[in-house]
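The block underneath contains the structure these notes are about, expressed in structure tokens.
The values are calculated or read from the model by the stated rules, or taken from the named source; none is laboratory data. Bear in mind the structure is a predicted one, so any value in this text is a computation, not a measurement. Note: accessible area is taken over every heavy atom of the protein model, side chains too, but ligands, DNA and RNA are not part of it. Shrake-Rupley method; radii C 1.70, N 1.55, O 1.52, S 1.80 Å.
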Amino acid sequence: PDRGPKARRRGRVQALRGISVGRVHWLGFFAVLLLAWLALFAMAIPNELRALEATYGAGVIELLCGGLLGASGFGPAFAMWALMSAAMMAPTALPALRTYDDLGHVTSTGFGKLVGGYLGAWLGFSLVAAAAQVALFRAGLIGALGQSLSVPLTALLLIGAGAYQFTEMKAACLSRCRAPLTFFIQHWEEGPFRNGLRLGIDCVGCCWALMLLAFIGGTMNLMFMGLAMVLMTLEKLPDIGRYLTKPLGLALIAAGFALPLF
């Protein structure tokens, strides 16, 4: 029966409220993601500064920036890697986050714990990457802007990342990332934070070697970050990724062996 115009309007308002409340966690997720990328754009190292280092060496960059680019200090390097990892890797987890949302009523708190656990795994990776950056800089293998100064190091990073594409660990981690429904069904009772942490660990297991390629072109290189994010996102899609993983590995290995010739 017709409930009347007031009842219909009340029903529409209630429906809209339900949608807004049910999707507020997505608004927060994309807002934080946008802020992370805006911060990266603001912190991006200009080409003029890269040219200055190439001309005058790392000393002038340290003098101008006081270690703020993460070359000589662990703290700035960790902050840089943490921001870079969050901005690059959170978008690659969108299919898994969407699957989690579809499995049932998800509160903003539960969704936040899931994302927090996921990013927590990448914070652990950032600790290791920051320590590696400081050590490589002090050894003279990378510049103040995080780019490789050594042909053997560049070749090792390329060949290592390419070879890792063919390992069982890569395949196992990638298979779990490509099947988020099965993953969440198996571990649902552990709660959102541990689910997110498990998912993040699998994601680190998939992508750590590709992330370390940032040392070739320089950390905080927006071109690298954008390209790597797209590649890692596509690799996690089952219909596309299975045609990408091994060809990408072959291309990286070939590049590594061809590098000394040029």
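State the percentage of accessible surface on region 159-262 attributable to carbon and sulfur atoms; use a 1.4 Å probe and exclude ligands, DNA and RNA.
72 percent
Between region 140-175 and region 77-131, what is the C-alpha centre distance in whole Å?
Between the Cα centre of region 140-175 and that of region 77-131, the gap is 22 Å.
Largest first, how would Phe137, Phe257, Phe166 line up by accessible area (1.4 Å probe)?
Ranked list, largest accessible area first: Phe257, Phe166, Phe137.
Just to confirm, what accessible area per residue do you get for region 131-262 at 1.4 Å probe, in whole Å²?
Solvent-accessible surface per residue comes out at 49 Å².
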